[in-house]
Amino acid sequence: MSKVLVLHGPNLNLLGTRQPEIYGHETLEDVNNGLYEKAAINGWDIECRQSNHEGELIDAIQAARLDGTTAIIINPAAYTHTSVAILDALNAFDGRVIEVHLSNVHRREAFRHHSYVSLRADGVIAGLGTQGYHAALDAVIRAAEPD
Ligand code: DQA
């Protein structure tokens, strides 16, 4: 069974209550439940994890190299703009990488316009709210289907 890892970075555990005018009202549990459902319908194994700690995200990416994970969907949150270490970890992962942002980072402060993770990502989705995760999972599933 193909496996996808969904990683949520710092402060995304507060989804639903954190600046809802920017990030929406859905909770992280709502998002993950929707993704678990979509993965199950399509016969995919899925693991969704959130961490406020850079090293834990890196450990999860490293573990994905060894457990048959086919693709990583990652919203690195603020680490997007700062973390060479997460970029390096993703560079050591062979599968597909899709970067997701709930907000349109390009319409926000200048420091959010640069992403280290985009240097590795096969695709980037920004500004679609929680639908962005679903679009990413659809893309991962489609890419694995035979032509
Ligand atoms: C975010 C955008 C980042 O700039 C911010 O630090 C986040 C969330 C997004 O999903 O829009 O925490 O990644």
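The values are calculated or read from the model by the stated rules, or taken from the named source; none is laboratory data. The structure presented is a predicted model; accordingly, all values stated were derived computationally and were not measured. Backbone-built Cβ (ideal geometry, glycine too); neighbour counts: all protein chains shown. Side chains are part of the model used for accessible areas, which takes the heavy atoms of the whole protein and leaves out ligands, DNA and RNA. Shrake-Rupley method; radii C 1.70, N 1.55, O 1.52, S 1.80 Å.
Numbers at a glance
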| item | result |
| --- | --- |
| Cross-chain or 6+ apart pairs with Cβ under 6 Å, the stretch 57-78 first and within 25 Å of Arg108 (Cβ to Cβ), then open to solvent by 50 Å² or more (accessible area, probe 1.4 Å) and within 16 Å of the ligand (Cβ to nearest atom) | Ala77/Asn11 |
| Test for Glu29: is it within 16 Å of the ligand (Cβ to nearest atom), in a helix (DSSP H, G or I), open to solvent by 40 Å² or more (accessible area, probe 1.4 Å) and free of Cβ contacts under 8 Å to residues at least 24 places away in the same chain | no |
| Checking Ala139 against (1) within 15 Å of the ligand (Cβ to nearest atom); (2) open to solvent by 10 Å² or more (accessible area, probe 1.4 Å), the condition it does not meet | (1) |
| Filter result for the condition that a residue is over 17 Å from Leu12 (Cα atoms) and either under 12 Å from the mean Cα position of the chain (by Cα) or within 12 Å of the ligand (Cβ to nearest atom) (or both), over Arg120, Arg108, Arg65 | Arg108 |
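Residue by residue, here is whether (1) at pLDDT 95 or above; (2) touching a helix residue (DSSP H, G or I) at 6+ places or on another chain (Cβ under 7 Å); (3) within 18 Å of Met1 (Cα to Cα); (4) in a helix (DSSP H, G or I) holds:
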position	(1), (2), (3), (4)
Leu35	yes, yes, yes, yes
Thr70	yes, yes, yes, no
Ile73	yes, yes, yes, no
Ala78	yes, no, no, yes
Leu87	yes, yes, no, yes
Leu90	yes, yes, no, yes
His134	yes, yes, no, yes
